[in-house]
Amino acid sequence: MKTSADVIIIGGGIIGCSTAYYLAQKGKKVIVLEKGKGIGYGGSGRNGGGVRQSGRDPRELPLAMYGVKNLWPHLSEELGTDVEYYQQGNLRLGKTDEHLQILNGLTDVAVSLGLDVRMVTGEEVRDICPHLSDRVVGASWCPSDGHANPLLTTLAFYTKARQLGVTFLYEQSVISIKKMAGPTIKAITTRQEFEAEKIILAAGYESRAVSNTVGVDVPMQKIALNTLVTNAQPPMFYQMLGTATADFYGHQTTHGSFVFGGGSPLDPSIMKGVANQPPVESTATTCKGILSYIPALKHVKVVRAWFGFIDYCEDKVPVLDHVEEVPGLILACGFSGHGFGIAPAVGTVLSEMACDEVPSIDISELNYRRFSDKRKSGL
Ligand SMILES: Cc1cc2nc3c(=O)[nH]c(=O)nc-3n(C[C@H](O)[C@H](O)[C@H](O)COP(=O)(O)OP(=O)(O)OC[C@H]3O[C@@H](n4cnc5c(N)ncnc54)[C@H](O)[C@@H]3O)c2cc1C
C-alpha cells in the first residue's frame, strides 16, 4: 500500500474528491484517506443539490460566481457523467413585507458585487413558475442559479480522479497530524502513517478534532439538517426554490421526484436514538412549509427522508487557507451547509494552493487568521 504522496487529502466528500481530480490533472500524486467504507457518506451524499450564487455571503460569492460561469456548465462533459445540472434560475420566495425586506437586502448586496439578481413581483414569480401559491408576494430571481445531483457529482469527481491515478484508501480514520522537521507532514490513521508535502484537511465537522492535534482550531459545530424525496411526478419546473426565512428549499430532479430540505436545524435532543432518519415531526413540518408555497404538490407522497450533518462555522463561511504555524497543512472545512454548489471552484483553488500557486479565485477573506486574530484580541 502506498503511504507517501505529493498531497494527502483527508476526507472523501465532494471537496476531497474534486480537489483530488484537479490535483491529478496537474500531475500530482494524491492519496485520499477516508474513514468510511466508501466515498460520499457525509454531507456530500445527503444534500439538496443547490448550485446557487444568490443569498451567498459576499466572502464566498467569488467562488460561487466562478463555478457557475466557468465550471458547472461543462462539468458533465468534462467528467464523463451527466451530473444533472440545471441552470434554470433560483427563486427565493417571500410571503410578507418582512420577507421582502430580507430579500431586498440580500439582493442589493449581491448586485453591488456584480451578480445578475433582481426582485420580482408575485405575478412575475408565477410567470416563471406557475405552480407557486398566490400567497407568494415577491421573490429574488437569479436566472443563472440552478441545481445538480449531489450523488452523481461526487461520484463523477471520484471516478475521474481514480482514472487519473488518485489512490483512495478506506477505513483510514485520521486521528492526528504530525509536524516534521523536513519539508513533509504526516497524517496518522488508526492503522498507519502517511507522509506528504501537503495535507488538505477536508473532513467536514470532524476536521476540528483532527486539526486540534496540531493546536489549530476552527470554531465550528456539527448540526443535523433533514431532507426528503417524493415519488416521481410529471415534469413541473426546474428552477431551484428557496425562501426568505429558509423554511424549505428544493427542486424537481431529472427522475421526476422532488428533493426538499427543511431550513431549520434539528433539535439535538430529538436526534437521540435516531439512526439515519429524521423524526417524523420534522418531516411533517417541512411538508407543511412546502405546501404553503406549492399547493399543487398536496397529493405527492414522501418516499424517503434522511438527515446529514453540516460543519457549521461560527461565522457561516468556510476556511480555505494554509496554516502558518503548521507548514504543509491546508484547511478546507466549515462549509456551513452550502459547500456543494461551490465544490468545483473550491477544488480548483485547493489544487492551486497545494501546488503553491496563487489561487485564481479571491478567497482572501476565507482565511484562518480571522479566528486566531480574534482570539489574540480577546474578542
Ligand atoms: C441535508 C443537507 C442539505 C444540504 N444542501 C445543500 C445545498 O443545497 N447546496 C449546497 O451547496 N450545500 C448543501 N449542503 C452542504 C453540503 O452537503 C456540504 O457543504 C458539502 O457536501 C461538504 O463536503 P465535504 O466534502 O466538505 O464534507 P463531507 O461530504 O461531509 O465529507 C467529509 C468526509 O470526511 C470523512 N472523514 C471525517 N473524519 C475523518 C477522519 N478523521 N479521517 C478520514 N476521513 C474522515 C467523512 O467520512 C466524510 O466522507 C447540505 C448539507 C446537508 C447535510
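The values are calculated or read from the model by the stated rules, or taken from the named source; none is laboratory data. All values reported here derive from a predicted model rather than from experimental measurement. Here Cβ is always computed from backbone atoms with ideal geometry, including for glycine, and neighbour counts include all displayed protein chains. For the accessible areas, the whole protein counts, side chains as well, though only heavy atoms, and no ligand, DNA or RNA atoms are used. Shrake-Rupley method; radii C 1.70, N 1.55, O 1.52, S 1.80 Å.
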Just the residues that are within 15 Å of the ligand (Cβ to nearest atom) and open to solvent by 50 Å² or more (accessible area, probe 1.4 Å), please, taken from segment 167-187.
TYR170, GLU171, ILE175, LYS178
Report, ordered by the first and then the second residue, all pairs with beta carbons closer than 9 Å, sequence separation of six or more or different chains, a first member in segment 282-299 that is within 15 Å of GLN233 (Cα to Cα), and a second member that is part of a helix (DSSP H, G or I).
LEU297/CYS287; LEU297/ILE290; LEU297/LEU291; LYS298/LEU291
Name the single residue, out of those in segment 118-166 being in contact with a Gly (Cβ under 9 Å, 6 or more places away or on another chain), more than 30 Å from ALA196 (Cβ to Cβ) and among the polar types (S, T, N, Q), that is least open to solvent (accessible area, probe 1.4 Å).
SER140
How many residues does segment 11-39 contain that are open to solvent by 10 Å² or more (accessible area, probe 1.4 Å) and among the β-branched types (Val, Ile, Thr)?
2
Residues within segment 188-208 that are open to solvent by less than 10 Å² (accessible area, probe 1.4 Å), of a type outside the set (Phe, Trp, Tyr) and more than 26 Å from TYR312 (Cα to Cα), tallied:
1
Log entry, pairs with first residue in segment 347-359 being within 11 Å of HIS322 (Cβ to Cβ), second being modelled with pLDDT of 95 or more and of a type in the set (Asp, Glu), beta carbons closer than 7 Å, six or more apart or on different chains, reads PRO359/GLU352
Selection within segment 46-56 - open to solvent by 20 Å² or more (accessible area, probe 1.4 Å) and either more than 18 Å from TYR312 (Cβ to Cβ) or out of contact with any Leu (no Cβ under 9 Å at 6 or more places or on another chain) (or both):
GLY50, ARG52
(1) closer than 23 Å to THR243 by Cβ; (2) within 16 Å of the ligand (Cβ to nearest atom): which one isn't true of LEU329, the others all being true?
(1)
Within segment 340-360, restricting to residues that are away from the ligand (no atom under 16 Å from the Cβ) and either surrounded by 15 or more Cβ atoms within 10 Å (Cβ to Cβ) or not assigned by TED's automatic domain parsing to the domain that holds CYS17 (or both), the one that is nearest to CYS17 (Cα to Cα) is GLU352
Meets criteria (aliphatic (A, V, I, L, M) and either in contact (Cβ under 8 Å) with a residue 60 or more places away in the chain or assigned to a loop (DSSP other than H, G, I, E, B) (or both)) for ALA224:
yes
